[in-house]
Amino acid sequence: MNPTEIYDALAEIAAAPFDPNEFPFAFAEATDAAKAAISKLRGSTNKSDLPGGVLFNRKFHYAPALAGLTDVTLEQLRNSKKSKTSKPAILIATDGDTVAAEHPSSGDTLHCRFDEIGDNFGFFLPAAGKERYRAVEENPIDVKATGKLARLYDALITANPDWATEARRHEMNQLMMRLIFCMFAEDVGIFPDNQFSRLIFTHAGDRGEEAQATIIAAFRAMNLPKGKRDGLPFWTAELEYVNGGLFAGQIDAPRFDVVAFRYLREASGLNWREINPDIFGSMIQSVADPKQRSELGMHYTSVPNIMKVIGPLFLDDLDAQIHNAWDKPKGLQQVLDRLSGIRVFDPACGSGNFLVVSYRELRARETRVLKRLQDVTANTQAPLFSAIPITHFYGIEIADFAAETAKLALFIAEYQANAAFAEVFGRRPAALPLKDAANIRTGNALREDWERVCPPPADGQEVFIAGNPPFVGSNFQTEDQKCDRDLLFKAEFKSYKNLDYVAGWIYLAARYAEKISGVSFAFVTTNSVSQGRQVSTLWPRVLQNLEIKFAHSSFQWKNNAAANAAVICVIVGVAGKNSSTKRLFSDGIAAEAGAISPYLIPMSPVYVEGASPSLFDLPRMDYGSKPADGGNLVLSPEEMEEIVGEHADAQRFIRKYLGSQEVVRGQTRYCIWVSDQEAHDALEIPPLRKRIEAVRRFRQESKNPATIPTAATPHRFWFTGPAVQKHAILVPRVTSERRPYLPVEKVGADVISSDLNQVLYDAPDWCIALIASRLHLVWIATVCGKLKSDFRYSNTLGWNTFPVPKFTDAQLDALSASALNILKCRWSLYPKTIADLYDPEKMPDDLRAVHRENDELLETMYIGRPFRNDTERLEKLFKLYAARVKALGAKGGR
DNA sequence: AATCCGACAATCG
DNA sequence: CGATTGTCGGATT
């Protein structure tokens with residue numbers, strides 16, 4: 001949500017009638033809280049200690065005020081103990097007529113009429129977490145420049161509303177780029193010292209009255225060779241001829257008011273010499289885009305991460321070639337020939353980071369090789385110029401401003417590379433006029449024809465596709481993105497709707513690479529594409545004619561922006577099949593492999609598809625019961641006691657309720673559990689009635705069409721598992737990756753498991769021995785999805801595909817006994833919880849011992865001895881899996 | 001009817 | 001405030 005959307009949402013609240021109970025949730029929604037978070041806020045996460053109050057941790061603390069007493073209520077909020085512990089960014093009290101609010105961190109207060117909430121949205125932004133974005137900690141000049149440019153841009157738009165329209169946006173963006181180029185050029189010596197600003201500020205008037213005409217005249221002059229500037233003011237004669245696409249085409253400028261003119265003056269006063277084109281580009285991208293501005297470079301790819309992509313993709317190989325040719329003029333000349341034929345193509349180029357860094361690295365190598373060639377051949381003649389043109393750099397970018405920025409950043413990178421060249425050889429190509437620009441296309445990469453953007457090069461020349469396309473999980477895509485996805489995938493994929501948006505780039509790159517020889521590609525992507533269900537959907541097609549050359553296993557996203565995106569990434573590099581050694585990186589350390597599977601393990605691809613029922617005849621595993629209740633059917637121990645304290649007859653409708661956390665940390669929650677027959681009785685009890693009614697409302701308002709009919713039976717969970725006779729075995733669906741064994745727990749029939757556990761109802765104990773084994777953990781860790789890098793247990797992907805040998809009855813008895821040993825050992829350590837017991841640092845020796853015995857027992861049943869390591873475990877499991885799938889296929893499938 | 005996911009989201013120390 | 005670790009319910013099959 002960007003600030004404008006927050007403004008709109010708050011204005012809507014201000015216009016609607018005031019409801020003291022609903023206001024806080026509407027406010028939370030307006031300040032960008034996730035729907036699920038609001039649901040939780042209605043239930044357990046509201047920690048307010050004031051009557052009718054709602055405290056959203058770290059966001060806001062609200063309390064309704066009596067008419068005319070908002071100040072008193074604000075004082076109560078200020079003094080609330082809970083306000084002190086959970087540090088809300090905003091305190092807000094209202095009686096529906098006036099509003100009193102405060103930022104506790106600064107003490108700033110706001111008093112306004114209720115219907116002015118929208119107009120004061122700036123004050124409420126901290127509730128949306130916006131204050132947590134500090135300026136990007138980067139090169140100070142980049143930060144300053146970005147700030148000045150953003151203000152200049154805003155001021156120009158304010159003074160010229162017509163320039164903010166779709167039709168003129170491109171012109172506006174071009175204007176900004178031309179100004180930036182001129183300010184840069186006059187600081188680095190492309191223009192004579194301060195020539196541009198001297199002329200502008202001489203002729204534009206004290207308050208910028210003539211700035212518009214002056215800038216238009218200057219830019220027109222720069223697009224015409226000197227001496228051909230008839231009709232332009234006399235003073236433009238001394239301006240340099242720049243051209244190069246940057247000044248070609250329509251030249252216009254908006255009107256500068258006093259404010260805009262002042263920012264222009266401040267911006268040109270900065271020292272632009274120091275700017276860093278690889279990062280600067282991503283930062284000024286935020287200038288034109290308020291959404292980007294709130295994210296402040298959250299998603300630009302850091303230089304170390306770019307190097308993780310382009311190093312293995314082409315730089316490492318070039319370096320090896322240079323090393324081998326170091327004393328051989330012919331070999332060095334071959335390197336130069338190769339360099340001059342390389343294309344780099346980033347189909348999600350943003351402001352051009354990958355292209356700029358690639359260009360810089362290639363130019364640095366070229367300079368090194370030229371120097372060496374000169375030394376080896378004793379040729380004192382300096383080479384005349386670089387053979388790496390920026391026209392060999394291609395990009396697609398959806399945002400016009402960013403695309404223009406990318407072109408500019410490459411001009412600047414070219415200038416800087418030429419300066420480095422001059423330091424070695426004492427001469428440089430003339431900076432002006434500019435030559436052709438990089439080939440940056442403004443458009444939607446999933447709909448563009450990549451071959452038209454980056455035409456296939458001559459034989460023997462190479463194209464390297466690299467970048468960091470956007471990640472959007474299947475559940476979070478916009479309608480437009482879904483539309484892109486449908487158009488792209490429907491021809492060749494039977495199912496594709498579960499794929500992340502980023503998969504579109506992988507697929508298109510694969511199509512490009514399999515058609516044109518000499519193409520390799522590598523992207524930074526979310527690690528989801530190499531996990532769980534996406535693997536068997538995406539990769540069989542991508543690797544039809546190609547193979548994975550290198551990969552970087554999961555690493556946490558990081559750049560220098562203050563607020564980092566919360567995502568775990570991988571890098572996968574793909575090209576045509578050959579016998580080369582593959583490289584699998586982890587934390588920057590490479591391991592060599594004969595093949596890399598899309599699960600990013602050193603193994604030939606085997607795709608595990610979700611199956612139901614078990615391919616190996618294991619007992620059926622279900623989900624627990626899913627409430628989808630807005631938090632109303634679930635009770636904390638305190639809430640349970642409160643209800644039962646006042647209404648003893650409510651007891652029969654309340655059951656113990658376990659999710660993942662409760663299993664792992666030994667906590668308890670309760671839930672309202674009412675059968676259809678009892679529904680009438682339950683509704684007689686006021687607190688139950690109130691909650692059940694709230695469930696009905698929640699479900700009626702659901703966006704999910706499948707949820708709405710369940711509003712008719714609000715006393716019931718959205719989905720309920722089968723009735724348990726004796727016991728249930730619970731496996732939490734998401735748990736920490738640090739534990740050496742997966743958590744599993746056996747509970748009695750009286751307990752309700754939530755959908756956060758997988759459940760084996762009334763299953764034999766030997767199932768526990770399987771789940772608690774190292775073998776099973778290794779399988780789950782490989783073939784199931786992950787949440788960041790934590791284990792995510794799935795019945796269809798993990799349990800139903802888990803390969804087991806045909807066990808004899810005696811073996812099953814032995815496994816059941818082993819399972820009991822594990823459980824007994826845990827009980828003997830009560831009240832330690834699973835979280836305590838399986839902490840890798842603190843796991844007790846006796847528990848380790850029973851697990852080791854369990855592993856040895858089970859593994860011996862597979863191969864007659866324990867496995868040596870996880871690689872051996874996985875190889876055996878994949879072999880058994882593949883054999884089973886083949887056998888079932890031969891029988892006609894299931 | 002059943003389930004996999006989250007450029008996440010909440011909590012802990 | 002960074003490290004740790006798993007809620008919740010939608011969208012899709």
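The values are calculated or read from the model by the stated rules, or taken from the named source; none is laboratory data. Computed from a predicted model, the values in this text were never measured in an experiment. Cβ placement follows ideal geometry from the backbone for every residue including glycine, while neighbour counts extend to all protein chains displayed.
Residues that are modelled with pLDDT under 90, in contact with a helix residue (DSSP H, G or I) (Cβ under 6 Å, 6 or more places away or on another chain), over 21 Å from A:Ala749 (Cα atoms) and surrounded by fewer than 16 Cβ atoms within 10 Å (Cβ to Cβ): does region A:610-618 have at least one?
Yes.
May I ask you to verify whether A:Lys84 is on the phi < 0 side of the Ramachandran plot, within 15 Å of DNA strand B (Cβ to nearest atom) and part of a helix (DSSP H, G or I)?
In short, yes.
In region A:591-635, which residue that is without any contact (Cβ under 8 Å) to a residue 24 or more places away in the chain and under 31 Å from the mean Cα position of the chain (by Cα) is farthest from DNA strand B (Cβ to nearest atom)?
A:Glu592
Is there any pair linking a residue in region A:321-349 that is surrounded by 14 or more Cβ atoms within 10 Å (Cβ to Cβ) to one that is among the acidic types (Asp, Glu), with Cβ under 6 Å and at least six apart or on different chains, and which?
A:Leu339/A:Glu366; A:Ile342/A:Glu462; A:Cys349/A:Glu397
Any residue in region A:768-789 that's on the phi > 0 side of the Ramachandran plot: show its pairings with residues that are within 16 Å of DNA strand C (Cβ to nearest atom) and of a type outside the set (D, E, K, R) at Cβ separation under 6 Å, as long as the two are six or more apart or on different chains.
These pairs meet every condition: A:Lys788/A:Ile568.
Residue check: is A:Ser818 more than 30 Å from A:Leu600 (Cα to Cα), polar (S, T, N, Q), surrounded by 17 or more Cβ atoms within 10 Å (Cβ to Cβ) and within 16 Å of DNA strand B (Cβ to nearest atom)?
no
Determine whether region A:461-468 contains at least one residue that is farther than 21 Å from A:Trp539 by Cβ, at pLDDT 90 or above and either surrounded by fewer than 20 Cβ atoms within 10 Å (Cβ to Cβ) or within 14 Å of DNA strand B (Cβ to nearest atom) (or both).
yes
Checking A:Gln174 against (1) part of a helix (DSSP H, G or I); (2) more than 41 Å from the chain's Cα centre (by Cα), which single condition isn't satisfied?
Among (1) part of a helix (DSSP H, G or I); (2) more than 41 Å from the chain's Cα centre (by Cα), the lone unmet condition for A:Gln174 is (2).
Between a residue in region A:474-495 that is under 22 Å from A:Gln531 (Cα atoms) and any residue that is more than 9 Å from DNA strand C (Cβ to nearest atom) and among the polar types (S, T, N, Q), which pairs come within a Cβ distance under 9 Å, given they are 6 or more apart or on different chains?
These pairs meet every condition: A:Ser474/A:Gln534.
A:Leu362 - would you say it is modelled with pLDDT under 95 and either over 14 Å from A:Ala438 (Cα atoms) or assigned to a helix (DSSP H, G or I) (or both)?
Spelling it out, it is not the case that A:Leu362 is modelled with pLDDT under 95 and either over 14 Å from A:Ala438 (Cα atoms) or assigned to a helix (DSSP H, G or I) (or both).
Among the candidates A:Glu856, A:Glu875, A:Glu841, single out the residue that is in contact (Cβ under 8 Å) with a residue 60 or more places away in the chain and either surrounded by fewer than 18 Cβ atoms within 10 Å (Cβ to Cβ) or touching a helix residue (DSSP H, G or I) at 6+ places or on another chain (Cβ under 8 Å) (or both).
A:Glu875
Just checking, which of A:Phe698, A:Phe717 is crowded, with 19+ Cβ neighbours inside 10 Å, within 16 Å of DNA strand C (Cβ to nearest atom), over 25 Å from A:Phe616 (Cβ atoms) and at pLDDT below 90?
Being crowded, with 19+ Cβ neighbours inside 10 Å, within 16 Å of DNA strand C (Cβ to nearest atom), over 25 Å from A:Phe616 (Cβ atoms) and at pLDDT below 90 holds for just one of A:Phe698, A:Phe717, which is A:Phe698.
Pick from region A:469-501 the residues that are more than 12 Å from DNA strand C (Cβ to nearest atom) and buried (at least 21 other Cβ atoms within 10 Å of the Cβ): which of them is farthest from A:Lys703 (Cα to Cα)?
Among them, the one singled out is A:Pro469.
For region A:749-767: of the residues being away from DNA strand C (no atom under 13 Å from the Cβ) and under 14 Å from A:Gly624 (Cα atoms), which is surrounded by the fewest Cβ atoms within 10 Å (Cβ to Cβ)?
A:Asp750
Across region A:44-63, what is the total count of residues that are within 9 Å of DNA strand B (Cβ to nearest atom) and either among the β-branched types (Val, Ile, Thr) or on the phi > 0 side of the Ramachandran plot (or both)?
Result for region A:44-63: 2.
Restricting to region A:29-72, give me the number of residues that are of a type in the set (A, V, I, L, M) and within 14 Å of DNA strand C (Cβ to nearest atom).
Residues meeting the conditions: 6.
Filter region A:781-808 for residues that are surrounded by fewer than 23 Cβ atoms within 10 Å (Cβ to Cβ), more than 8 Å from DNA strand B (Cβ to nearest atom) and of a type in the set (Val, Ile, Thr) and give the result.
A:Thr782, A:Val804, A:Thr808
Exactly one condition in (1) within 12 Å of DNA strand B (Cβ to nearest atom); (2) within 30 Å of A:Ile692 (Cα to Cα); (3) out of contact with any Phe, Trp or Tyr (no Cβ under 6 Å at 6 or more places or on another chain) is not met by A:Leu41; state its number.
Failed condition: (3).
Quick test of your reading of the structure: A:Leu770 fulfils all but one of (1) more than 15 Å from DNA strand C (Cβ to nearest atom); (2) closer than 17 Å to A:Gly798 by Cβ; (3) among the aliphatic types (A, V, I, L, M); (4) touching a Lys or Arg at 6+ places or on another chain (Cβ under 9 Å). Name the failing condition by number.
A:Leu770 satisfies all of (1) more than 15 Å from DNA strand C (Cβ to nearest atom); (2) closer than 17 Å to A:Gly798 by Cβ; (3) among the aliphatic types (A, V, I, L, M); (4) touching a Lys or Arg at 6+ places or on another chain (Cβ under 9 Å) except (4).
If you scan region A:776-832, which residues turn out to be of a type in the set (D, E, K, R) and within 16 Å of DNA strand C (Cβ to nearest atom)?
A:Lys786, A:Lys788, A:Asp790, A:Arg792, A:Lys832
Scan (1) more than 15 Å from DNA strand C (Cβ to nearest atom); (2) more than 20 Å from the chain's Cα centre (by Cα); (3) buried (at least 19 other Cβ atoms within 10 Å of the Cβ) for the single condition A:His552 breaks and write down its number.
(2)
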